[in-house]
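The structure appears right after this line, and notes come after that.
The values are calculated or read from the model by the stated rules, or taken from the named source; none is laboratory data. All values reported here derive from a predicted model rather than from experimental measurement. Here the Cβ positions follow ideal geometry from the backbone for every residue, glycine too, while neighbour counts run over all protein chains shown.
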Amino acid sequence: MSPLPRLLLLVVMTCVTGLGCTRTTPSFCGTPDDPGCPEGTVCVEERCVSRDELPACALGQTRCEAACVDTRSDASHCGTCGTACADGQVCSRGRCTDACAAGLTQCERGCVELESSTASCGTCGAACGSRESCEAGTCACEPPLTACAGACTDLGSDGNNCGACGNACGSGLCQDGECVNDCDPGLRRCGQGCVDVQSDTFNCGSCGTGCGANEVCVGGRCRLDCPVGSVECDGTCANLTSDARHCGTCGNACGSGQVCTRGACACPSGQAECEAQCVDLRTSVQHCGACGRACAVDETCASSRCQCAAPLVSCAGGCVDLSADARNCGTCGRVCGPGLVCSGGLCAYP
């Protein structure tokens, strides 16, 4: 029998035998008249249960009282347990916002990555089991976990499968794959196992708090396991030398059209920065040849010089249509006589 049902059975038996158990004792919870659960316990099925007796949550989920939630996408526990988003907002990467960040899918009021979310793996609401991870939209045991009787378990700390599937420790605890009576100093009891909450991916910082995909537990906190040369920025791994969203430092986004080169924002090769925008001085009609040098309305910029837009040509500093201009008919300076018009580059009567 798992620790949680055994504890609940003990509470029920205490009440049945008449040992003073009432709705007002700390063992009961869940109704307005019940007192709060003692420190270190949570309310589960109307009973106060020790946090250390609770099973681990799935990877990427955090235990908030009795429930396992993904604080990166849960609108009732956004970022931290108990932090609720306002009406109309969604929870995106642990922050309450008006819309989901790029690349995320909205599932009710949460923004998730269906490829890796254990709460919505592959499709909204398709939750993975305890200690499963979501890889490419499919739930599977996360190495080094082992499948025992259809469930993923850590043979190093599972009291019912200690060292091998089916090897139960009875009333003892499982530590490093062996049954023991008490946990060694520095380790903490979580369920029927002894773990290091400073480094355990499935119990990071506290029992039942699992880190997400591609995350590791360091100092009791989940962090992305970023490859060499990149760091974690706002829930993603970024190369500060080349990422235009995090150039040089996390959150330092480059301007429109800029690229990040060696940790500094700059315009791409062949472009210049004019009025906080990257432009090509060879073709920009607003910045032709130099910042601020604008071409006329009927001109274009070619090879950094303002030129008349075809089929117009330049005559006496202005752009004219030789086929229809009576003062420049067919060629610059040819003026049609009185009563004549320019048609097809020739002076003629209308």
Within segment 134-180, restricting attention to residues that are modelled with pLDDT under 85 and not hydrophobic (A, V, I, L, M, F, W, C), which residue is surrounded by the most Cβ atoms within 10 Å (Cβ to Cβ)?
E142
Tally up the residues in segment 137-157 that are under 12 Å from S120 (Cα atoms) and part of a loop (DSSP other than H, G, I, E, B), please.
1
Just one of C247, C254 is at pLDDT below 90, within 30 Å of C233 (Cβ to Cβ) and either touching a helix residue (DSSP H, G or I) at 6+ places or on another chain (Cβ under 8 Å) or crowded, with 17+ Cβ neighbours inside 10 Å (or both); which is it?
C254
Mind listing whichever residues of segment 99-133 are surrounded by fewer than 16 Cβ atoms within 10 Å (Cβ to Cβ) and on the phi < 0 side of the Ramachandran plot?
A99, A101, A102, Q106, E115, T123, C124, G129
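Which members of segment 259-287 meet the condition of being among the acidic types (D, E) and farther than 16 Å from C301 by Cα? Quick ask: steps written out before the conclusion?
Of the residues in segment 259-287, the ones among the acidic types (D, E) are 273, 275, 280.
Those that are among the acidic types (D, E) and farther than 16 Å from C301 by Cα: E273, E275.
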Let me confirm something: among C237, C217, which residue is surrounded by fewer than 19 Cβ atoms within 10 Å (Cβ to Cβ), part of a strand (DSSP E or B) and touching a Cys at 6+ places or on another chain (Cβ under 9 Å)?
C237
For segment 161-194, what are the residues that are part of a strand (DSSP E or B), of a type in the set (A, V, I, L, M, F, W, C) and over 18 Å from C207 (Cβ atoms)?
C179
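To keep it simple, each residue is scored yes or no on (1) touching a Lys or Arg at 6+ places or on another chain (Cβ under 6 Å); (2) of a type in the set (G, A, S); (3) modelled with pLDDT of 75 or more.
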site	(1), (2), (3)
C15	no, no, no
C29	no, no, yes
E46	no, no, yes
S50	no, yes, yes
V69	no, no, yes
R72	yes, no, yes
G82	no, yes, yes
G88	no, yes, yes
One residue from G191, G212, G263, G235 being at pLDDT 90 or above and of a type outside the set (K, R):
G263
Is it true that C68 is crowded, with 17+ Cβ neighbours inside 10 Å and outside any strand (DSSP E or B)?
no
Do we find that C96 is surrounded by 15 or more Cβ atoms within 10 Å (Cβ to Cβ), under 14 Å from the mean Cα position of the chain (by Cα), without any contact (Cβ under 8 Å) to a residue 40 or more places away in the chain and in a strand (DSSP E or B) in this structure?
yes
